[in-house]
1. Could you work out Rg/(2.2 N^0.38 Å) for the stretch 148-236, with Rg from alpha carbons only?
2. Let me have the relative contact order for the stretch 137-305, percent, based on Cα pairs under 8 Å that are six or more residues apart.
3. Taking every pair of alpha-carbon atoms in the stretch 131-284, give the share separated by more than 26 Å as a whole percent.
4. Could you tell me which residue out of I86, I141, G165 lies farthest along the dipole of the stretch 36-169 toward its positive end? Charges go on the beta carbon: Lys and Arg +1, Asp and Glu -1, centred on the Cα centre.
5. Give me the percent of DSSP beta bridges within the chain that run antiparallel, rounded to the nearest 5.
6. How many nm is it between the label spots at D10 and K156, if each spot is 7 Å from the Cα in line with the beta carbon?
7. Within 10 Å of each residue's Cβ, count the other Cβ atoms and sort S222, S146, S214 from fewest upward.
8. To one decimal place, what orientation-averaged projected area in nm² is obtained for the convex hull of the Cα set of the stretch 106-182?
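Derivation of every value follows stated rules applied to the coordinates shown; laboratory data play no part. Model, not experiment: these values are computed from the prediction. Cβ placement follows ideal geometry from the backbone for every residue including glycine, while neighbour counts extend to all protein chains displayed.
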Amino acid sequence: MSIINDEKKDILTMAIETSCDETSVAIVKNGREVLSNVISSQINLHKKFGGVVPEVASRKHIENINLIIQQSLEEAKVSFSNLNNIGVTYGPGLVGALLVGLSSAKALAYALDIPLIGVNHIEGHICANFIEHKELKPPFITLVVSGGHTHLVHVKDYGEYEILGRTRDDAAGEAFDKVARSLGLGYPGGPIIDKLSKKGNKEAIDFPRAYLESGSYDFSFSGLKSAVLNYLNNTKQRGEKYLVEDVAASFQQSVIEVLVNKAIKACKEKNSDILAIAGGVAANEGLRRLMDKKCKENNIKFKYPSKVLCTDNAAMIGCAAYYDYLKGYRAELSLNAVPNLKLGNK
């Protein structure tokens, strides 16, 4: 679909993101200029449970949403009357959490008589790179890695995607969390394992690399997770000790090698000289270092967002909503939450 706006007029988007345990509202100008990006995280609330409790997350979103909306307007120094559209995540995610943001967005769109734009959360992660890298334009390859998703995507144009591969079981971030829990490291596991890996020997333990069948771009991390658990149990049964740092480093290396090698292979197959990463695991320093090294070896430009744009945030949703708005995409006020929403073309 062609872009219908001549882009001469400034477009202000209010974006709302409540797919999991962050309540976030942003004001984004012309898709890439962030005027405000307020994020209220619930990590400390869920830590004691070892993971996100959906009902607790939903209730906290209800408590926070109106305050975060007001704060986003104040930080951006704009009012409701300045807004041109409302963008909101409607999936994938926790259904109760999604409904809080979606209900707020629909109420605002109706009251202000401006368009409602429903945004796919995964597409939002991809668009985080447009905010970070103002010069970036499709086509390019993106690796989306987070607690709930692992996708390898050929971004053909704004809103046009070819999914090359996805996880068949655990997402990369989910595997990090589960292994961290087995090691008694707490939640969220990804940042803790990344930090410990710097002190450990990544070659200490030969954990498996799941490349699946020849030519596949899909991922699988459940076998690796089981291999780590078996190693820990067998070591304990033999009365031996292990270094947590070595387990963390060896596990992380196994994950990132597969991610990097498949992403580089996709770039070569699609003749793309740009590779971007996105999602919470894109903040992993081990992944960034190895990806940067391999991209340089293959003359590929490597792009990644700042860490605040890797985590769930509304600014990335505002960017995605902007390009949908320009293309004339509008959602009905009957738009519902879709917890298992797939990434697809507009």
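1. Rg over 2.2 N^0.38 Å, computed on Cα atoms: 1.27.
2. Reported relative contact order: 27 percent.
3. 29
4. G165
5. So the antiparallel bridges in the chain amount to around 60 percent.
6. 3.5
7. S214, S222, S146
8. 7.5
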